[in-house]
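Engineer: Next up is a structure, given as structure tokens.
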Amino acid sequence: AYEMRCVVCLIDGVDEAASLKEVIEDYVTRKLVPDGHQVIVTSRPEGVRLRLYTNFVVMNLKNLTDEQQSNAIQTQLRDSVFYKHLRAFSAVRKEHDKKYVGEAFPLEAHRTFLESLKPPDLRSAGDVQPCTR
């Protein structure tokens, strides 16, 4: 099938190939495609040299929703307690972020001021008692 050019070569995650990604890209664009093979290459756009793929149909996928991400991860982790805790923490964090911006500090100027404050360095204040740090 390969020699008859009846195979579709799927190369997934080129951007994840570290030091081999340029070798893979060169092989795809200089060997497989010119030899007439049908090729599907997947990658994050910033992870490859897009200029090499001028004769390719380039598609950008939509981002996964939170629910789709969760389903994909749960499939991989198979009900991991760690993942459940991480997901709960993430939900709490998102809710806190909404309250921070929407209720507590709706004005950007107030948030900018608050975020620019530096905590005091109690170690250099002369007091080295652990209970006052």
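The values are calculated or read from the model by the stated rules, or taken from the named source; none is laboratory data. Fair warning: this is a prediction, and the values are worked out from it, not measured in the lab. Cβ atoms come from the backbone with ideal geometry, glycine included; neighbour counts cover every protein chain shown. Ligands, DNA and RNA are excluded from the accessible area calculation, which covers all protein heavy atoms including side chains. Shrake-Rupley method; radii C 1.70, N 1.55, O 1.52, S 1.80 Å.
Engineer: For the chain, what is the accessible area per residue in Å² when the probe is 1.4 Å?
Structural biologist: Accessible area per residue: 85 Å².
Engineer: About its Cα centre, what dipole magnitude does the chain give when the only charges are +1 on Lys and Arg Cβ and -1 on Asp and Glu Cβ, stated in debye to the nearest 20?
Structural biologist: 180
Engineer: Taking Rh as the Kirkwood radius computed over C-alpha pairs, what is the Stokes-Einstein D of the chain at 25 °C in a medium of viscosity 0.890 mPa s, expressed in µm² per second?
Structural biologist: 119
Engineer: Next question, about the same structure. Which of the residue pairs Lys62/Lys118; Lys84/Lys118; Lys98/Lys118; Lys21/Lys98; Lys21/Lys84 have a Cα-Cα distance greater than 30 Å in the structure shown?
Structural biologist: Lys62/Lys118; Lys84/Lys118; Lys21/Lys98; Lys21/Lys84
Engineer: Calculate, for Glu67 and Met4, the FRET efficiency according to 1/(1 + (r/R0)^6) with r their C-beta to C-beta distance and R0 30 Å; round to the nearest 0.05. It would help to have the intermediate numbers written out before the result.
Structural biologist: Working: r = 43 Å, r/R0 = 1.42.
Result of the calculation: an efficiency of 0.10.
Engineer: How large a share of the accessible area of the stretch 8-52, in percent, is made up of carbon and sulfur atoms when the probe is 1.4 Å and the other protein chains stay in place?
Structural biologist: 54
Engineer: If ligands, DNA and RNA are left out, what is the accessible area of Leu64 with a 1.4 Å probe, given in Å² to the nearest 10?
Structural biologist: Counting only protein heavy atoms, the figure is 100 Å².
Engineer: Under unit Cβ charges (Lys, Arg +1; Asp, Glu -1), what dipole magnitude, rounded to 20 debye, does the stretch 66-116 have relative to its Cα centre?
Structural biologist: 180
Engineer: Also, I was wondering about something else. Can you sort Thr112, Thr42 by solvent-accessible area, 1.4 Å probe, largest first?
Structural biologist: Details: Thr112 80, Thr42 45 Å².
The ranking, largest first, comes out as Thr112, Thr42.
Engineer: Also, quick follow-up: Give me the compactness ratio for the stretch 8-52, meaning the Cα radius of gyration over 2.2 N^0.38 Å.
Structural biologist: Scaled against compact globular proteins, the figure is 1.05.
Engineer: Please work out the C-alpha center-to-center distance from the stretch 35-70 to the stretch 87-121 and express it in whole Å.
Structural biologist: If we compute the Cα centre of each part, the gap is 36 Å.
Engineer: 5 Å is the cut-off here: which amide hydrogens, built 1.01 Å from N in the peptide plane, fall below it relative to Val39, excluding neighbours closer than 5 in sequence?
Structural biologist: Amide H to amide H, under 5 Å and 5 or more residues apart or across chains, Val39 pairs with Cys9.
Engineer: Evaluate the relative contact order of the chain (contact order divided by residue number), counting alpha-carbon pairs under 8 angstrom at least 6 apart; express in whole percent.
Structural biologist: Working: 66 pairs, mean separation 23.2, N = 133.
Here the relative contact order equals 17 percent.
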